Amino acid sequence: MELEERSSLRRVPGLTGASTELQDVTEVEYRQLRLERVVLVGVWTSGTAAAADASMVELARLAETAGSEVLDGLVQRRSSPDPATFVGSGKVAELRETVQSTGADTVIADGELSPGQLRQLEEKLKVKVVDRTALILDIFAQHARSREGKAQVELAQLRYFLPRLRGWGESMSRQGGGAGGGAGGGVGTRGPGETKLETDRRRIHQRIAKLRRELEGMKTVRDTQRDRRRRRDVPAVAIAGYTNAGKSSLLNAITDAGVLVEDALFATLDPTTRRWETADGRVATLTDTVGFVRHLPHQLVEAFRSTLEEVGDADLIVHVVDGSDPSALEQIAAVREVIAEIGHDPDEPRPPSRGDDPQRALPTPPELLVVNKVDDADPMALAQLRATLSGAVFVSARTGEGIDLLRRRIAEALPRPEVEVEVVLPYTEGALVARVHTEGEVLSERHVAEGTVLHARVSSELAAAVTEAAVPVAVS
């Protein structure tokens, strides 16, 4: 039903002539992005040409997910992005010609532009310019459904737009001359444009503070739920991975969760937790988390920190990889980088690293690699992944191939209760017996006249409870 609703609201590209948009391109930060006909531009600073092309292909998929039509793409080889125009004056002229010849109304840059670069490009190209961060934020704004998700996206957008605020047109952002006296340079120096910006900044700061308070309250609820599961010693499994790797499909295949599945980037943002019972009767929770992407905007990592903590606090991370993607190994590295960043508080100094990689110093839960979409992968590429990723499970959520093996591997990787007990519980303690079945691992069970004889592995807290309620009789 959610997929049908989302499709019914899909944007219709190419509707020209009937637009009610204001003509001033500097007003981009005051309205929702309207991406219709776009040209992509990127800067290749390091790595191989194949990696640069893969990044542009991913940017094109992001633009299509946002509802736009990609017309062309340009890549500039530079040692570093140009501080003024991102791509340099020569490439800007070429880009301007491409925009005019294709009739594009938007240019999307494969990187995060500074406010100065954004202003310079819009002045020279005379069309709206959007960077990779704003594009991803727009997709998140479209796909957020829960109250927490919408608040997280709005917080990320406000943090992004705050340093990029400009006046409503060039005339209102200028200061009047004025030759009169006064510390400010005379009468008329402070124009309405500057006053408008100050008002906008103050309102944005107030809104950010309010959203932070709301998210803190939601985080308290989430932490309470997580603590309740911990007290009951229910293992938590987080399904993480690159966007569109098939995490939601995998959760549906394992637990029949009924989560929205769509062949699009960032199709699902709100985490979904489902109860799952292993073959030997143990109970665990599986959580489908938000997908990751290369250069995930730090505003999103900060805003979604409470949600992403589901990954950092899990007992096991099921890392889903798209086996049909040519850059699967690069995607694995990008996901691990974000997972390492989740556990780091940005207000605290990063702990000293062990070795050359500072991310390795951050503790992360154990990881189980799962290569999905094997039915759609190239056989040669799949053979290379099997040789490279030792210990990974190769599955297809669509056909069901390898799902039973995955269930067994997840059950084997789950932490087991540490205390082994053998007690006789009276028949009046049926609720306690049920707790042992739910939270522990029952090795054997039989019934005698005095009660239920249980041989099980349980947590230390539950062991104390069953020992106190046990009947003090000899077990033969």
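The values are calculated or read from the model by the stated rules, or taken from the named source; none is laboratory data. In this text the structure is predicted, and so the values were computed from the model without any measurement. Backbone-built Cβ (ideal geometry, glycine too); neighbour counts: all protein chains shown. Heads up: the accessible areas ignore ligands, DNA and RNA and are worked out on the full protein's heavy atoms, side chains in. Shrake-Rupley method; radii C 1.70, N 1.55, O 1.52, S 1.80 Å.
Data table
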{"item": "Close pairs (9 angstrom Cβ cut-off, 6 or more residues apart or separate chains): closer than 15 Å to residue 329 by Cβ in the range 383-398, in a helix (DSSP H, G or I) and β-branched (Val, Ile, Thr) anywhere", "result": "389/332"}
{"item": "Where residue 197 falls short, out of the listed (1) modelled with pLDDT under 70; (2) open to solvent by less than 90 Å² (accessible area, probe 1.4 Å)", "result": "(1)"}
{"item": "Residue in the range 242-257 that is buried (at least 17 other Cβ atoms within 10 Å of the Cβ) and modelled with pLDDT under 80 present", "result": "yes"}
{"item": "Residue list for the range 383-398, restricted to those being crowded, with 18+ Cβ neighbours inside 10 Å, modelled with pLDDT of 90 or more and more than 21 Å from residue 366 (Cα to Cα)", "result": "396"}
{"item": "Matching entry among 151, 104 (being touching a helix residue (DSSP H, G or I) at 6+ places or on another chain (Cβ under 6 Å) and not polar (S, T, N, Q))", "result": "151"}
{"item": "The lone exception for residue 93 - which of (1) at pLDDT below 90; (2) farther than 30 Å from residue 272 by Cβ it fails", "result": "(1)"}
{"item": "Some residue of the range 399-407 being open to solvent by 40 Å² or more (accessible area, probe 1.4 Å), without any contact (Cβ under 8 Å) to a residue 40 or more places away in the chain, farther than 30 Å from residue 437 by Cα and among the aliphatic types (A, V, I, L, M)", "result": "no"}
{"item": "Contacts under 7 angstrom Cβ, first residue in the range 150-163 being charged (D, E, K, R), partner buried (at least 17 other Cβ atoms within 10 Å of the Cβ) and not in a helix (DSSP H, G or I), 6 or more apart", "result": "150/144"}
{"item": "Wholly enclosed strands (runs of 3 or more DSSP E) of the range 37-140 bearing at least 2 residues of a type outside the set (Gly, Ala, Ser) and open to solvent by 10 Å² or more (accessible area, probe 1.4 Å)", "result": "37-44, 69-77"}
{"item": "Test: residue in the range 143-157 that is out of contact with any Gly (no Cβ under 8 Å at 6 or more places or on another chain), buried (at least 16 other Cβ atoms within 10 Å of the Cβ) and either closer than 23 Å to residue 49 by Cα or among the basic types (Lys, Arg) (or both)", "result": "yes"}
{"item": "Pairs where the first residue, in the range 233-250, is among the hydroxyl-bearing types (Ser, Thr, Tyr) and the second is part of a strand (DSSP E or B) and open to solvent by 10 Å² or more (accessible area, probe 1.4 Å), C-beta under 8 Å, 6+ apart", "result": "242/322; 248/272"}
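Every residue, every condition in (1) open to solvent by less than 10 Å² (accessible area, probe 1.4 Å); (2) assigned to a loop (DSSP other than H, G, I, E, B); (3) basic (Lys, Arg); (4) farther than 30 Å from residue 49 by Cα, yes or no:
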position: 290; (1), (2), (3), (4): yes, yes, no, no
position: 300; (1), (2), (3), (4): yes, no, no, no
position: 309; (1), (2), (3), (4): no, no, no, yes
position: 317; (1), (2), (3), (4): yes, no, no, yes
position: 321; (1), (2), (3), (4): yes, no, no, no
position: 325; (1), (2), (3), (4): no, yes, no, no
